[in-house]
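Colleague: Before we start, here is the structure in question, set down as structure tokens.
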Amino acid sequence: MESRHKIAGTPEVKLAVRVRGLSHEERYFDEQTSTTRVTQEFIVIRLPKLVDLDFELHVTNMRTQVGGIYRVAWINTRPEQGLYSIGLELLDADGEIWEPGSIPDVRETGDVAPVVSLECQRCYQTISTSLHEVETASLGEGLTIALPCDTCKSTTSWAYVVEEPIAADAPLKAGGAAGAKASANGPAHQSAESLKDLRQKGRAPIHLAIKITRTKYGLPIFDICETINVSRTGVYFTTEQGYEVGETLEVILPYHPDSMAIPFQGRVVRQDRYPGTLRKRVAIQLIPGPTTKQ
């Protein structure tokens, strides 16, 4: 199962794609760009927009006009010629995205992913691990990747560590010995194992009642409907109301009329219309943190 995510060492594949989602500034974008690496479950693209780790983007193959929901697994925050390298993991496909023969059949080499040092941006522990899902050209300063942290007990952002040469007579920095010991004692191995759990994360086909609160012309509008699938960062549901891409709203999930629940903020990233029916399917990206609205 892990080989499906191997990007390092694969040949370059340029395919035109359309990418839609929210930028780091929480602004909706719709861009046409191209891939650099492609497998059935993982792709690498170049994007003029900086996006956040673990957020979801909708990617469409311009030739087949078939797309899917991808999770931002890693990004290099240092742009090259105005473009950011982004690694995306497939969560939910609308169909056969890639044409037969468009993805090269690559045999595993077993030694294409170099070992790199990463630092958790929350607890600052350092580990050494191999990153098979990162293309070699993007391994360097600016690389950030979402990985499980054994210390933080959650998925956190990890940054590439630029190792500086140390003179033989230079004193150890505070915590240097402890950090070296922690790195040598297995956290890296544990993170590699935990990474399998992270990769199994996706959209669950769960049907739950959901309440959407919107504001139109200064008046609140309520929409109570049912989800099609749910992920940690978004929901996909059916409705008869019309939504606007980029629209900000409040979400209560799961919803029950007799319960008190704190709404979360969300933003519409996609609306699918079906000819001959009033029903629509809407994708909402959840914005971390509860609303402050009383």
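Derivation of every value follows stated rules applied to the coordinates shown; laboratory data play no part. Please read all numbers here as calculations on a predicted model, not as lab measurements. A quick note on method: Cβ atoms are made from the backbone with ideal geometry, for glycine too, and the neighbour counts reach across all protein chains shown.
Colleague: List the residues, sorted by chain then number, that are 5 or more residues from F42 or on another chain and whose placed amide H is less than 5 Å from its amide H.
Modeller: L90
Colleague: Hey, another quick one. Along Cα→Cβ, 7 Å out, is where each label goes; now give me the distance between the ones at K216 and R232 in nm to one decimal.
Modeller: Here the answer is 3.4 nm between the modelled labels.
Colleague: Another one. Each residue of the range 24-41 in order: what ³J(HN,Hα) in whole Hz does its phi give by Karplus 6.51 cos²θ - 1.76 cosθ + 1.60, θ = phi - 60°, with x for Gly and Pro?
Modeller: Rounded to whole hertz, the list is 4, 7, 6, 10, 5, 9, 9, 10, 9, 8, 9, 7, 10, 9, 9, 10, 5, 10.
Colleague: Once the Cβ-Cβ distance between D272 and S130 is put in as r, and R0 is 41 Å, what FRET efficiency do you end up with, to the nearest 0.05?
Modeller: 0.60
Colleague: I've got another one for you. Please report K280, K153 as a ranked list, fewest other C-beta atoms within 10 angstrom at the top and most at the bottom.
Modeller: Numbers: K280 17, K153 8.
Ascending Cβ contact count within 10 Å gives the list K153, K280.
Colleague: 7 Å from Cα along Cα→Cβ at both L50 and E26: what's the point-to-point distance in nm?
Modeller: Modelled inter-label distance: 1.6 nm.
Colleague: Assign one of three labels to the range 1-154, namely rounded, prolate or oblate, based on the Cα gyration tensor with a ≥ b ≥ c the square roots of its eigenvalues; rounded applies when a/c is under 1.5, prolate when it is not and a/b is larger than b/c, and oblate otherwise.
Modeller: Oblate.
Colleague: A follow-up question, please. Using Cβ counts within 10 Å as a stand-in for footprinting exposure, how do S102, S85 rank, fewest first? Walk me through the numbers on the way to the answer.
Modeller: Numbers: S102 14, S85 23.
Fewest to most other Cβ atoms nearby, the residues stand as S102, S85.
Colleague: I need the peptides 14-20, 50-56, 75-81 ranked by packing, meaning the mean over residues of other C-beta atoms within 10 angstrom, with the highest value on top.
Modeller: On the way: 14-20: 17.0, 50-56: 19.4, 75-81: 15.0.
Top to bottom by mean Cβ count within 10 Å: 50-56, 14-20, 75-81.
Colleague: Also, I was wondering about something else. Excluding Q271 itself, what net charge comes from residues whose Cβ is under 10 Å from its Cβ, given Lys and Arg +1 and Asp and Glu -1?
Modeller: In short, +1.
Colleague: Starting from the Cα of K14, step 7 Å toward the Cβ, then list every residue of the range 27-48 with an amide N under 15 Å from that point.
Modeller: 33-38, 45-47
Colleague: Counting each pair of different Cα atoms once, what's the Kirkwood radius of the range 2-93 in Å, rounded to one decimal?
Modeller: Every distinct Cα pair counted, the radius reaches 13.1 Å.
Colleague: Would you please name the trypsin sites (Lys or Arg not before Pro) within the range 24-56 that are DSSP coil residues with at most 11 other C-beta atoms within 10 Å of their C-beta?
Modeller: R27
Colleague: Same structure, new question: Can you sort I210, I7 by how many other beta carbons sit within 10 Å, fewest first?
Modeller: I210, I7
Colleague: Bin all alpha-carbon pair distances of the range 209-290 at 10 Å intervals from 0 and give each bin's fraction as a whole percent.
Modeller: All Cα pairs, binned at 10 Å, distribute as 18, 56, 24, 2 percent.
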